[in-house]
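J.: Below are the structure tokens for one structure; questions will follow.
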Amino acid sequence: MKKKNVLALMLTASMCATLFAGCGSSSSESASTDEKETTEAAEETTEAAETEEADAAEDTASGSGSVYWLNFKPEADEALQEIAATYTEQTGVDVKVVTAASGTYEQTLTSEMDKSAAPTLFVIGNQASVSTWGDYAIDLKGTDVYNELNTDSFTLYDDSDRAVSIGYCYESYGIIVNKTLLAEAGYSVDDITNFDSLKSVADDIHARASELGFDAFTSSGMDDSSSWRFSGHLANMPLYYESQADGWTEAPSEIKGTYLNYFKNVWDLYTTDTAYDKTTLATGGYDAEAEFKNGEAVFYQNGTWEYAALSEVYSNDELAMIPIYCGAEGEENAGLCSGTENCWAVNSKASEEDQQATLDFMYWLVTSEEGTTMMAEQFGAIPYKGAAESDNVFLADANTLLSEGKYNVDWAFNYTPNVDEWRAGVVAAMNQYDAGGDWANVETAFVQGWATQYAAANE
């Protein structure tokens with residue numbers, strides 16, 4: 001029996017009991033009249049309850065809740081407004097998108113959460129934000145949209161193992177490959193599965209560079225326009241494996257440098273199997289992108305954001321992105337270095353109707369043709385089973401590796417304290433090493449430099 005019908009019958013019984021108790025000495029005619037009035041009142045109450053329940057069912061069918069998405073990415077605002085209108089047209093559910101100005105998201109979120117009509121969908125993008133906003137997020141485990149994820153790599157959990165937010169897009173970096181040149185050298189990307197095979201292929205190409213007309217790696221310039229690829233992105237390799245071994249959940253005050261040999265392996269390869277003298281890298285002036293476009297090298301470390309520039313010269317069939325293999329045990333199962341701060345959370349303070357409406361909207365975004373197309377166009381790679389194919393072949397490679405069960409190499413460099421100062425110290429030490437100095441200087445810049453910058457950042 002429906003709850004509202006039960007309530008109506010209980011109310012009817014209560015009214016009857018009261019009336020009969022109050023008219024025990026009345027005539028049978030009066031009792032009959034009272035019973036008639038009571039019956040009519042009960043029927044009216046039951047009818048009202050049934051009408052209310054029917055209205056509620058109709059509201060649920062058409063979407064009684066609503067969605068308020070506080071958007072993190074200003075560049076996507078126009079597309080999100082359009083997709084929100086499409087969803088509303090199809091379902092009748094009201095979806096409002098408000099976009100925070102660049103650099104003001106936390107401030108805007110704090111302000112909006114104080115309002116009675118607060119966002120139902122918002123961003124919790126890192127562990128620090130989990131500490132701040134975790135109590136405002138429902139546990140997404142077991143929801144339909146959570147079950148559509150093809151990887152857990154971009155899901156953020158709190159101390160109680162609640163999935164407080166799930167990634168909705170990500171960027172990746174690795175080693176970009178000119179497949180045409182690689183084939184001319186007698187290899188394919190399938191021949192490269194770990195550091196040893198990468199080094200074997202690169203060594204051979206470098207040894208035959210004059211014969212082939214191209215070398216293995218582009219330049220590794222250490223000026224400000226290029227050094228971030230190594231002091232940040234390549235440095236992530238030892239940081240990632242240490243963070244996994246030691247279970248980092250926040251920036252540690254000190255690091256051990258346990259896996260710095262991985263960093264050395266790759267850096268030595270980059271600066272040996274190339275046309276450029278490593279003693280000249282510190283002076284800058286190199287353009288690795290142009291070298292790759294000109295077909296001067298097979299390999300080029302960079303990210304998914306390079307696709308637009310490289311697609312001006314190459315077709316998708318000629319390009320691929322492979323992981324940065326560094327010598328870690330089991331790295332045959334590694335994916336690209338992928339990360340994001342674009343993670344959805346659903347407001348736990350919102351009504352159940354609004355929470356469900358929001359979850360339904362999220363599910364539609366990652367499963368419907370309209371939603372997945374928009375997500376691919378605006379955000380690139382999305383970590384969901386039904387992701388639409390992107391024109392960006394590097395994003396497709398990232399998603400394929402994750403779909404195959406390869407582990408994601410998380411962006412552990414996000415933990416770096418006083419990042420600019422720390423990286424400057426690493427670059428200086430790398431330049432000394434390239435000029436003939438001791439590798440121990442790089443280890444010191446990593447480990448002692450980290451402790452120094454952490455202390456400075458937490459005075």
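Each value in this text was obtained by applying a stated rule to the coordinates, not by laboratory testing. Everything quoted here is computed from the prediction, not taken from an experiment. Positions of Cβ are generated from backbone atoms using ideal geometry, with glycine treated the same way; all protein chains shown enter the neighbour counts.
J.: I'd like the Kirkwood hydrodynamic radius of region 364-406, using the inverse of the mean 1/r over distinct C-alpha pairs, in Å.
T.: 10.2 Å
J.: Go from 0 up to the bin containing the longest alpha carbon distance in the chain, width 10 Å each, and give me the % of pairs per bin.
T.: P(r) over the chain, rounded to whole percents: 4, 17, 23, 20, 14, 8, 5, 4, 3, 2, 1, 0.
J.: Here's another thing I want to ask about it. Sticking with the crude label model, points 7 Å out along Cα→Cβ, report the distance from Val447 to Lys349 in nm, one decimal please.
T.: 4.6 nm
J.: Residue by residue through region 137-147, which ³J(HN,Hα) values in whole Hz follow from phi under the Karplus form 6.51 cos²θ - 1.76 cosθ + 1.60 (θ = phi - 60°), with glycine and proline marked x?
T.: Running phi through 6.51 cos²θ - 1.76 cosθ + 1.60 with θ = phi - 60° gives 10, 6, 7, 7, 4, x, 6, 4, 5, 4, 5 Hz.
J.: What distance in nm separates the two pseudo spin-label positions at Ala79 and Ala245, each 7 Å out from Cα along the beta-carbon direction?
T.: It works out to 4.0 nm between the two label points.
J.: Going through the cross-link list Lys179/Lys199; Lys349/Lys406; Lys141/Lys406, which pairs have a Cα-Cα distance over 27 Å in this structure?
T.: Numbers: Lys179/Lys199 17 Å; Lys349/Lys406 36 Å; Lys141/Lys406 22 Å.
Correct reply: Lys349/Lys406.
J.: Next up: Using 0.36 nm per residue, how much length does the chain from Asp114 to Ala128 gain when fully extended, once their Cα-Cα distance is taken away? Please report the intermediate quantities before stating the final value.
T.: Details: separation 14, 0.36 × 14 = 5.04 nm, distance 2.00 nm.
So the chain would gain 3.0 nm between Asp114 and Ala128.
J.: Could you please state, rounded to a whole Å, how far the C-alpha centre of region 249-289 is from the C-alpha centre of region 190-206?
T.: If we compute the Cα centre of each part, the gap is 18 Å.
J.: Still on this structure: Along region 290-306, what does the Karplus equation 6.51 cos²θ - 1.76 cosθ + 1.60 (θ = phi - 60°) give for ³J(HN,Hα), rounded to whole Hz, x for Gly and Pro?
T.: 5, 4, 5, 4, 7, x, 8, 8, 7, 10, 8, 6, 5, x, 4, 5, 7
J.: Now a separate question. At R0 = 60 Å, how high is the FRET efficiency between Ser210 and Ala456 if r is their beta carbon distance? Nearest 0.05 is fine. Before the final figure, lay out the partial values.
T.: Working: r = 49 Å, r/R0 = 0.81.
FRET efficiency, Ser210 to Ala456: 0.80.
J.: Lys256 label point, 7 Å along Cα→Cβ, cut-off 19 Å on backbone N: hits in region 432-459?
T.: 443-452
J.: Oh, and also: Output the 0 to 90 degree angle, nearest 10, between the alpha-carbon long axis of helix 352-367 and the longest principal axis computed from the alpha carbons of the chain.
T.: 40 degrees
J.: Please compute the contact order of the chain in relative form: average sequence separation of alpha-carbon pairs under 8 Å and at least six residues apart, divided by the residue count, as a percent.
T.: Numbers: 726 pairs, mean separation 99.4, N = 459.
RCO, the chain: 22 percent.
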